[in-house]
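See structure below.
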Amino acid sequence: MKSREVHLNAYLQGEPKPENFSVVEADLPAPDIGQVRVRNTYISVDPYMRGRMSGRHTYIAPFAIGAVMEGGAVGVVADSEFDGLNPGDHVMSMYGWREGYTAAGNTVMKIDTQSLPEQAYLGIAGLTGLTAYVGLKRMIDLKEGETVWMSAGAGAVGSAGIQFAKAMGATVIATAGGAEKCEYVKSIGADHAIDYKATDDLAAAIRAVAPQGVDAYFENVGGTHFTAALEVLNPRGRIAACGMIQRYNDAEQASITDNLTMIVGKSLNIRGFIVSDHMDIQGDFVSDLTSWMMAGKIQPAETVLDGIDQAPAAFMGLFEGRNTGKMLVKI
Ligand code: NDP
């Protein structure tokens, strides 16, 4: 059996380009004792992967050059020599960027596809949803009646965060690129939507919809958004520093933003986090998500490209705003 997989050709600087990736055919051997052979059905592409393509060691090691990359994936067991997994079982793994794999059965996790579609485990019910939850619950400690600004609101974490924040009783301002995305964030509950591409004064646009100020900011973008957030946050405002995608393709670390003195003057609390350090909150997350879903408060959204050949385009599309909701590749 064969499987096509995506390799990184060399560490890159600046915007990722199609020539940075190769699609390569590999053998998919029958499983040995303790192994499973799995056909992936969906793979995830995520902004954090850009950091792994730079060759720098951050909180996670760089991708290997000339080898298949890693990432979230869901798939179906084709053959099993592992107790506890049978052909037909759906599993989640980190064996993404490929059509299939043969691996130790204890490195994949069985998932229940009765109550949720399998791809939700890569989105709202997986690490994406957990990221939004950790940011709102643990970093910001969002309270009912507060006003929160969710940046990249039409994206995977952002769209989950808008719906979670509404379920927590907050007023939500969402920023997103373009009129269509603004319509979308309103359709999932945002009280106010701002097209950041259509304004040259983001802070003024936020103030116009939130004259009472903003209590908390969910940072997915960085740069101009961060500068505006420091300006519009109320005294003792909180920031969940989740991501700064505006800077991920910068070859050099960007210069320090304006408005930093406001951190002192307003006693702002800025908390950076990596979701994998907060797995202990998973039980609360599943319990809240289940009750919000049962109450009809959650609408998962995905942008799906078809076929492993499209995986590099899906990844590059994240930096061009091509996705609404979670960006996935269907295999
Ligand atoms: P998204 O689905 O939000 O996709 C990225 C979106 O970012 C795009 O759709 C685009 O939306 C926006 N964007 C891209 N480039 C720019 C830019 N230059 N300026 C402004 N907006 C831009 O991705 P995720 O939801 O997966 O991730 C969102 C953020 O959360 C990222 O920063 C990511 O790194 C971070 N993250 C952090 C985690 C953690 O553990 N801390 C875990 C998971 C994600 P638009 O069209 O609106 O511009």
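For the reader, a short list of remarks on this structure follows.
- Flag for residue 218 being closer than 24 Å to residue 146 by Cβ, surrounded by 19 or more Cβ atoms within 10 Å (Cβ to Cβ) and of a type in the set (Phe, Trp, Tyr): yes
- Among the residues of region 229-249, none is identified as within 8 Å of the ligand (Cβ to nearest atom) and closer than 12 Å to residue 147 by Cβ.
- Residue under evaluation residue 83, criteria (1) in contact with a Ser or Thr (Cβ under 9 Å, 6 or more places away or on another chain); (2) more than 30 Å from residue 252 (Cβ to Cβ); (3) open to solvent by 50 Å² or more (accessible area, probe 1.4 Å), criterion not met: (1)
- Conditions (1) open to solvent by 10 Å² or more (accessible area, probe 1.4 Å); (2) within 16 Å of the ligand (Cβ to nearest atom); (3) outside the structural domain of residue 28 (by TED's automatic domain parsing); (4) not aromatic (Phe, Trp, Tyr); number of the one not met by residue 94: (3)
- Here 273, 319 are screened, and the one residue that is within 16 Å of the ligand (Cβ to nearest atom), open to solvent by less than 70 Å² (accessible area, probe 1.4 Å), under 26 Å from residue 230 (Cα atoms) and not assigned by TED's automatic domain parsing to the domain that holds residue 22 is 273.
- Matching entry among 171, 199 (being more than 21 Å from residue 326 (Cβ to Cβ), within 16 Å of the ligand (Cβ to nearest atom) and polar (S, T, N, Q)): 199
- Selection from region 117-140 of residues that are more than 13 Å from the chain's Cα centre (by Cα) and either basic (Lys, Arg) or more than 13 Å from residue 242 (Cα to Cα) (or both): 117, 118, 119, 137, 138
- Positions within region 155-201 being among the aliphatic types (A, V, I, L, M) and open to solvent by less than 20 Å² (accessible area, probe 1.4 Å), in sequence order: 160, 162, 165, 170, 172, 173, 174, 176, 185, 188, 190, 194
This table checks each residue for (1) out of contact with any Gly (no Cβ under 8 Å at 6 or more places or on another chain); (2) under 26 Å from residue 324 (Cα atoms).
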| site | (1), (2) |
| --- | --- |
| 53 | yes, yes |
| 60 | no, no |
| 67 | yes, no |
| 73 | no, yes |
| 88 | yes, no |
| 93 | no, yes |
| 99 | yes, yes |
| 102 | yes, no |
| 109 | yes, no |
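- Only one of 263, 308, 239, 245 that is of a type in the set (Val, Ile, Thr) and in the same structural domain as residue 18 (by TED's automatic domain parsing): 308
- Hits in region 181-226 - residues which are acidic (Asp, Glu), without any contact (Cβ under 8 Å) to a residue 60 or more places away in the chain and farther than 27 Å from residue 290 by Cβ: 183, 195, 200, 201
- Residue that is within 30 Å of residue 77 (Cα to Cα) and without any contact (Cβ under 8 Å) to a residue 12 or more places away in the chain, where the choices are 93, 115: 115
- Scanning region 46-80 for residues that are in contact (Cβ under 8 Å) with a residue 60 or more places away in the chain, assigned to a loop (DSSP other than H, G, I, E, B) and open to solvent by less than 40 Å² (accessible area, probe 1.4 Å), we see that the one that is nearest to the ligand (Cβ to nearest atom) is 46.
The values are calculated or read from the model by the stated rules, or taken from the named source; none is laboratory data. Quick caveat, the model's predicted, so the values are computed rather than measured. Glycine gets a Cβ as well: all are built from the backbone with ideal geometry, and neighbour counts include every protein chain shown. Surface accessibility is based on the protein's heavy atoms, side chains included, excluding ligands, DNA and RNA. Shrake-Rupley method; radii C 1.70, N 1.55, O 1.52, S 1.80 Å.
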